[in-house]
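**Student:** Mind looking over this structure? Questions follow.
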Amino acid sequence: MKNKRPDKVGHFGLFGGRFVPETLIYALDKLEKEYSQAKKDKKFRKEFDYYLREYAGRPTPLYLAKNLSRALGINKIYLKREDLLHTGAHKINNTLGQVLLAVRMGKKRLIAETGAGQHGVATATVAALFGLQCDVYMGEEDIHRQALNVKRMKLLGARVISVKSGTQTLKDAMTEALRDWVTNVRNTYYVIGTVAGPHPYPEMVRNFQRIIGDEARAQILKIDGRLPDYLVACVGGGSNALGLFHPFFDDQKVKMIGVEAAGLGISSGKHSASLEYGSTGVLHGSKSKILEDKFGQIKNAHSVAAGLDYPGVGPEHAYYQQIKRAQYVAITDKEALEGFRLLSKVEGIIPALESAHALAYLKKAARSLKKATIIVCLSGRGDKDLHESY
Ligand SMILES: *Cc1c(COP(=O)(O)O)cnc(C)c1O
């Protein structure tokens, strides 16, 4: 059975779809059509490969972390080194794919939402590369917390638009970006940063990120002559995880574990574990698992890792969870910080706090993983997180 999801209208089982104002349906239809043509176009594929290789720095290594494996008493832990990419994380894979699509559609302006600023930086980067105007929506609160990324975006030529509504964080930035798109849809391309949003974004972003899993699969077959027992990745919106998981979907023996943020602990209510502790609902244009209160208001998410701090998750993960293709677990801020220090100390690699959640899970579950061969997605590097973590 091949994994052909989503269906024609963007459903992954019960999840996904399109819940947007009427004015956006035409734009989404157009985007979908353009994307499905680009996907089949050899020239588009070749150009995407070219920029991934020559600009972003692919392929990334699959590194056997011997010291970490020994320290945790696990057979073999391989790290997929997305942290080595240009701009320091996997996000550039997606923004390169989407900017090529925007250029193909003749758009002159990119907009994006950002929380910690990483997707904003990755979007501003490709806008600079292709000479497009770029406006990034960012919550006022996040602008204060992430001053360095704001500087980066401005240096790259982007305008950072402060969002003062709601909680002044990522979810409000995404709402404002969608509003901008409704108004300026003619000349503007909306670059969504993860596998969320209305169809075709979840599918498209997953396909731009599947290079992670395609490479990892070929690499481990070459190095080890076999497939791994487990894939482990952190889940914010879920793009690095699905990028790794998707090419292994049909390999039934390969178990998949997505690691969400338990923040200050599930019982504190300050967490971002929408898959495990959320409910089914609609957020930002698609149906998935979300964090909401009993009145249906979106709750504030929390994580020490800004990239995981989102009260929703991509619909395809909700589907993977429903059919039990993947298992989802949650790791607290405190556990993640231990993972952060551990990898730095034993391997000389400082991971992003997001990725540290995946590492912390290995530590927590080490006893049941003794004999396992595992691929962990090291989604980004941790230089950005030093102020959170000493
Ligand atoms: C943004 C980010 C994430 C979370 O996003 P996903 O879409 O869940 O991958 C994880 N790690 C890093 C380093 C990030 O920058």
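The values are calculated or read from the model by the stated rules, or taken from the named source; none is laboratory data. Keep in mind the model is a prediction, meaning the values are calculated, not measured. Glycine gets a Cβ as well: all are built from the backbone with ideal geometry, and neighbour counts include every protein chain shown.
**Student:** Looking at THR188, THR175, which is the one that is surrounded by fewer than 24 Cβ atoms within 10 Å (Cβ to Cβ) and modelled with pLDDT under 95?
**Tutor:** Sole residue among the options that is surrounded by fewer than 24 Cβ atoms within 10 Å (Cβ to Cβ) and modelled with pLDDT under 95: THR175.
**Student:** Within the stretch 278-315, which residues are among the β-branched types (Val, Ile, Thr), touching a helix residue (DSSP H, G or I) at 6+ places or on another chain (Cβ under 9 Å) and away from the ligand (no atom under 12 Å from the Cβ)?
**Tutor:** Answer for the stretch 278-315, where residues must be among the β-branched types (Val, Ile, Thr), touching a helix residue (DSSP H, G or I) at 6+ places or on another chain (Cβ under 9 Å) and away from the ligand (no atom under 12 Å from the Cβ): THR280, ILE290, ILE298, VAL304.
**Student:** Now for a different question. Could you list all residues from the stretch 205-230 that are closer than 20 Å to GLN37 by Cα, within 13 Å of the ligand (Cβ to nearest atom) and touching a residue at least 40 places away in the same chain (Cβ under 8 Å)?
**Tutor:** VAL205, ARG206, PHE208, GLN209
**Student:** Can GLN327 be described as among the polar types (S, T, N, Q), closer than 27 Å to ASN207 by Cα and either touching a His at 6+ places or on another chain (Cβ under 8 Å) or not in a strand (DSSP E or B) (or both)?
**Tutor:** Taking the combined requirement at face value, the residue does not satisfy it.
**Student:** While we're looking at this one, here's another question. State the number of residues belonging to the stretch 88-124 that are within 11 Å of the ligand (Cβ to nearest atom) and surrounded by fewer than 22 Cβ atoms within 10 Å (Cβ to Cβ).
**Tutor:** Matching residues across the stretch 88-124 total 1.
**Student:** Would you call GLY243 touching a residue at least 24 places away in the same chain (Cβ under 8 Å), small (Gly, Ala, Ser) and not in a loop (DSSP other than H, G, I, E, B)?
**Tutor:** Criteria met by GLY243.
**Student:** Give the stretch 102-138 a look and list any residue that's charged (D, E, K, R) and not in a strand (DSSP E or B), or say none.
**Tutor:** Those that are charged (D, E, K, R) and not in a strand (DSSP E or B): ARG104, LYS107, LYS108.
**Student:** Looking at the stretch 153-162, which of its residues are surrounded by fewer than 18 Cβ atoms within 10 Å (Cβ to Cβ) and assigned to a helix (DSSP H, G or I)?
**Tutor:** Once the filter is applied, which keeps residues that are surrounded by fewer than 18 Cβ atoms within 10 Å (Cβ to Cβ) and assigned to a helix (DSSP H, G or I), the stretch 153-162 yields LYS154, LEU155.
**Student:** Has the stretch 297-307 got any residue that is in a helix (DSSP H, G or I) and in contact (Cβ under 8 Å) with a residue 12 or more places away in the chain?
**Tutor:** Checking the stretch 297-307: at least one residue is in a helix (DSSP H, G or I) and in contact (Cβ under 8 Å) with a residue 12 or more places away in the chain.
**Student:** Condition test on ALA127, is it touching a Cys at 6+ places or on another chain (Cβ under 7 Å), more than 16 Å from the ligand (Cβ to nearest atom), in contact (Cβ under 8 Å) with a residue 24 or more places away in the chain and over 24 Å from ASN207 (Cβ atoms)?
**Tutor:** When the stated conditions are applied, ALA127 does not pass them.
**Student:** Another question about this same structure. Filter the stretch 238-277 down to residues that are away from the ligand (no atom under 15 Å from the Cβ) and closer than 21 Å to ILE192 by Cβ, then give me how many there are.
**Tutor:** Total satisfying the criteria: 0.
**Student:** Right, next: What tally of residues in the stretch 36-71 results from selecting those that are loosely packed, with under 14 Cβ neighbours inside 10 Å and among the hydroxyl-bearing types (Ser, Thr, Tyr)?
**Tutor:** Of the residues in that region, 2 qualify.
**Student:** GLY269 fails exactly one of the following numbered conditions: (1) surrounded by fewer than 24 Cβ atoms within 10 Å (Cβ to Cβ); (2) on the phi > 0 side of the Ramachandran plot; (3) touching a residue at least 40 places away in the same chain (Cβ under 8 Å). What is the number of that condition?
**Tutor:** (3)
**Student:** Just to check your reading of the model, which residue among THR175, THR167 is more than 17 Å from VAL195 (Cα to Cα), of a type outside the set (A, V, I, L, M, F, W, C) and over 15 Å from the mean Cα position of the chain (by Cα)?
**Tutor:** Step by step, each of THR175, THR167 is checked, and only THR167 is more than 17 Å from VAL195 (Cα to Cα), of a type outside the set (A, V, I, L, M, F, W, C) and over 15 Å from the mean Cα position of the chain (by Cα).
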